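To start, the structure under review is shown below, and the notes come after it.
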Amino acid sequence: MESLTSLSPDQRDAVLALVASAEAADGTAPLNEEARLQLTRSEATHWLATAADGVLVGYAQWHPDNATGQLVVHPDHRRAGHGTTLLTSLLADVAEPAVWAFGDLHGAQRFAAARDLVPARGLHIMERALEPTTPRSAPEGITLRPFTDADADGFLAVNAAAFADHPEQGHFSATDLANRQAEAWWDPAGLILATDAEGVVGFHWTKRHDATTGEVYVLGVHPRAAGLGLGGVLLDAGLAHLADGGASRVILYVDAGNKKAVSLYERSGFRIAHSDTLYRPSTSHDHSPA
């Protein structure tokens, strides 16, 4: 199976149809936001599995910046070797492979175990109900306000500092920001900045999925503001913004190993709805859970 560095419009449409069928059957999306964005960009590597009649039955993607892969097989064509073929192709082309299982469904667990893949990292999806509230006041010397284009460099600098050790968010770039700003859901008012005399010191980037569901998309605080309680203040501000816009439910994604962040969200009423798991071959250099 040959790898591709880009997809044609027809191939992209076929992948999206495949993803929709898998999500309808499994109750969870098999590709995350970044993987969907890469369907129209050239940073990722793609593999397509087709049936004898040429119909697309499986898809895999590797994103080099995130150093992770994702794959999906159509529900009507599973247990026919397509997943193994896709995984084998990915493993052959990537030096340090790691593959996400979104929702970590029982079928994915069996697939991973049969191919000697072991859990390497967990990602919790948390949720809570929303209702209009009055957020806490910002610490002295801190101002909360919406993002403007002039804030891009300051926002990116705080993001880099706050997520220096994060495998994905830590390398979020100006191009990544521009890509999100081109999406239909982008709203500068939903990216709430905390500023002090030195500039941007923290942010809560919210996202609207639909009329009733919002997301704590990214929340970050510069290390120089540690200990001020700014994370909780920004969380409250973002939740209030979503509630004021009509959202009655909010979700977020957080690394299972980030106990401090998980605790912050639990104190704010979030509960774990389900978890995603990143799998690596058991022979990989480091496969201990995060």
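Below are the figures for this structure:
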{"read-out": "Matching entry among ARG78, ARG136 (being under 23 Å from THR50 (Cα atoms), out of contact with any strand residue (DSSP E or B) (no Cβ under 8 Å at 6 or more places or on another chain) and surrounded by 14 or more Cβ atoms within 10 Å (Cβ to Cβ))", "value": "ARG78"}
{"read-out": "Qualifying residue in segment 4-13 (condition: at pLDDT 95 or above, of a type in the set (D, E, K, R), more than 20 Å from VAL99 (Cα to Cα) and open to solvent by 70 Å² or more (accessible area, probe 1.4 Å))", "value": "yes"}
{"read-out": "Criterion violated by ASP210 - all others in (1) open to solvent by 60 Å² or more (accessible area, probe 1.4 Å); (2) closer than 16 Å to GLY154 by Cβ; (3) among the acidic types (Asp, Glu) satisfied", "value": "(2)"}
{"read-out": "Candidate set: segment 267-290, residues that are closer than 22 Å to HIS209 by Cβ and surrounded by fewer than 19 Cβ atoms within 10 Å (Cβ to Cβ); chosen: the one modelled with the lowest pLDDT", "value": "HIS274"}
{"read-out": "Enumeration of residues in segment 36-56 that are among the β-branched types (Val, Ile, Thr) and under 18 Å from GLY69 (Cβ atoms)", "value": "THR45"}
{"read-out": "Unique residue being modelled with pLDDT of 95 or more, touching a helix residue (DSSP H, G or I) at 6+ places or on another chain (Cβ under 7 Å) and more than 25 Å from ARG36 (Cβ to Cβ) when the list is LEU219, LEU239, LEU156, LEU193", "value": "LEU193"}
{"read-out": "Residues satisfying the stated conditions in segment 214-231, i.e. small (Gly, Ala, Ser) and either open to solvent by less than 10 Å² (accessible area, probe 1.4 Å) or free of Cβ contacts under 8 Å to residues at least 60 places away in the same chain (or both)", "value": "GLY214, GLY220, ALA225, ALA226, GLY227, GLY231"}
{"read-out": "Of residues in segment 17-32 being out of contact with any Asp or Glu (no Cβ under 7 Å at 6 or more places or on another chain) and hydrophobic (A, V, I, L, M, F, W, C), the one surrounded by the fewest Cβ atoms within 10 Å (Cβ to Cβ)", "value": "ALA24"}
{"read-out": "Total residues in segment 84-104, condition under 19 Å from ALA35 (Cα atoms), in a loop (DSSP other than H, G, I, E, B) and open to solvent by 40 Å² or more (accessible area, probe 1.4 Å)", "value": "1"}
{"read-out": "Test: residue in segment 214-226 that is hydroxyl-bearing (Ser, Thr, Tyr) and either in contact with a Pro (Cβ under 7 Å, 6 or more places away or on another chain) or over 17 Å from PRO135 (Cα atoms) (or both)", "value": "yes"}
{"read-out": "Filter result for ALA150 (open to solvent by 60 Å² or more (accessible area, probe 1.4 Å), over 22 Å from the mean Cα position of the chain (by Cα), among the aliphatic types (A, V, I, L, M) and more than 30 Å from GLN109 (Cβ to Cβ))", "value": "yes"}
{"read-out": "Selection count, segment 232-259, where residues are open to solvent by 10 Å² or more (accessible area, probe 1.4 Å), under 12 Å from THR213 (Cβ atoms) and either in contact with a Lys or Arg (Cβ under 8 Å, 6 or more places away or on another chain) or among the hydroxyl-bearing types (Ser, Thr, Tyr) (or both)", "value": "3"}
{"read-out": "Output for segment 131-176, where each listed residue is in a helix (DSSP H, G or I), of a type in the set (Val, Ile, Thr) and under 19 Å from GLY238 (Cβ atoms)", "value": "VAL158"}
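The values are calculated or read from the model by the stated rules, or taken from the named source; none is laboratory data. Remember, it's a predicted structure, so these values are computed and weren't measured experimentally. Because the Cβ atoms are built from the backbone with ideal geometry, glycine has one as well, and the counts that use them run over all protein chains shown. The area values use the complete protein model at the heavy-atom level, side chains included, leaving out ligands, DNA and RNA. Shrake-Rupley method; radii C 1.70, N 1.55, O 1.52, S 1.80 Å.
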